[in-house]
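Data first, discussion second: the structure below is written as structure tokens.
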Amino acid sequence: MPEPLTPTAPLVSIVVPCFNEQDVIAATFARLEDMAARTPPYRFEFVLVDDGSRDDTLALLRAQARRDDRVRVIGLARNFGHQIAATAGIDAAAGDCVVLLDADLQDPPEVIAAMLEKWREGHDVVYGTRINRHGETAFKRWSAKLFYRVLNRLSDVDIPLDTGDFRLMSRPVVEVLKAMPERHRFLRGMVAWAGFRQIGLPYERAPRHGGTSKYPLRKMLRFAADGILSFSSRPLKIATGLGMIASALGLLGIVYALFMRVFSSEWVEGWTALMIAVLFMGGVQLISVGVMGAYIGRLYEESKRRPLYVVAERIGGPVPQDLPGAGTRLDGGAA
Ligand code: UDP
Ligand code: MG
């Protein structure tokens, strides 16, 4: 441990979004308490967010709050998705630093001690990079690897490879995040965008402790699209490029057809060439319109300026108005 800590020991907020995690809550919390007990001198608070679970998750979280007064529970009014649930927890966290962690023990709580050490050394963001993903299908591992690489190529911000949301963030970084109002949240990119001193910490990603993954292929694809659309306007440029290629090909065709007509005794037979040209152009146009539509749809979503989430229930901790940076954020429901 480095030199003695200032008057009161720093408060570390552990934020855990939970969606239908009744099978793992008890085990996860036991591991977290254990970690906290073995990581003096830090003080801990546990911000457990129920993301509109349909099982007993919320009841189990309430029970944890009754047992341990370091536990705070935020019950969202419905399922808002992982990134928004994490945002709700980060907004509510009061700590000098905030650690974001999955509920399923895939991110081992024991790694937090090493993250805290890096934080004490002066880093503002310590993100976990996965050296190994145990217990995940080959398809998921492969698609995730591909995704991080494509994203990195496309995006204007350097988003670290093979890095999920398991990370420690210092208070200044949390404040930057809180000042970012976008609703299509891709936290790992947003944190990378914030800058400050960031460092990766390799860890082995464990298999899920229980229950099933809440990210089926459909959600994974949407999440990947969110990442790319939020951090790159490259697809729009690609659409323009496609249009240019199509136009160039069309122009070549025109020149060829004119040439044949004027300088030879044959000419291009109509139907096939026409259909190919029409279908090709049609395809390129629809793709381009689709890409544009994706961005316009997001503009529309953002322009509605709805609150990011609605809180139905809060247990423990300061009321939101007392938190640094609160008031600029919308917090829907009754506190
Ligand atoms: N999660 C959530 N809301 C959702 C989906 C997931 O809060 O709509 C939480 C989930 O409870 C877990 C974390 O997000 O704590 C990561 O989900 P999961 O483990 O299912 O994803 P995977 O590890 O399979 O990518
Ligand atoms: Mg998981």
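No value in this document is a laboratory result; all are computed from the given coordinates. Worth saying up front: this structure is predicted, and the values here are computed from it rather than measured. Here the Cβ is made from the backbone with ideal geometry for all residues, glycine too, and neighbour counts use every protein chain on show.
Could you list, in sequence order, all residues of the stretch 20-43 that are in contact with a Ser or Thr (Cβ under 8 Å, 6 or more places away or on another chain) and under 18 Å from Ala65 (Cβ atoms)? Explain how you work it out, then say what you get.
The first filter runs over the stretch 20-43 and keeps only residues in contact with a Ser or Thr (Cβ under 8 Å, 6 or more places away or on another chain), leaving 20-22, 25, 43.
Glu21, Gln22, Ile25, Arg43 - these are the residues of the stretch 20-43 that are in contact with a Ser or Thr (Cβ under 8 Å, 6 or more places away or on another chain) and under 18 Å from Ala65 (Cβ atoms).
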Counted residues in the stretch 199-235 being among the hydrophobic types (A, V, I, L, M, F, W, C), farther than 17 Å from Ala85 by Cα and either out of contact with any Lys or Arg (no Cβ under 9 Å at 6 or more places or on another chain) or within 16 Å of ligand 2 (Cβ to nearest atom) (or both) come to 6
How about the stretch 147-198: which of its residues are closer than 15 Å to Ala85 by Cα and polar (S, T, N, Q)? none
Which residues, taken from the stretch 126-142, are under 18 Å from the mean Cα position of the chain (by Cα) and within 29 Å of Arg171 (Cα to Cα)? Val126, Tyr127, Gly128, Thr129, Arg130
Of the residues in the stretch 95-130, those that are out of contact with any Leu (no Cβ under 6 Å at 6 or more places or on another chain), away from ligand 2 (no atom under 14 Å from the Cβ) and outside any helix (DSSP H, G or I) come to Val98, Glu110, Glu121, Gly122, His123, Asp124, Val125, Tyr127, Thr129
Selection status of Leu60, out of contact with any Ser or Thr (no Cβ under 6 Å at 6 or more places or on another chain) and within 16 Å of ligand 1 (Cβ to nearest atom): yes
Can you work out which of the residues in the stretch 131-171 that are in a strand (DSSP E or B), more than 16 Å from ligand 2 (Cβ to nearest atom) and of a type in the set (A, V, I, L, M, F, W, C) is surrounded by the fewest Cβ atoms within 10 Å (Cβ to Cβ)? Ile131
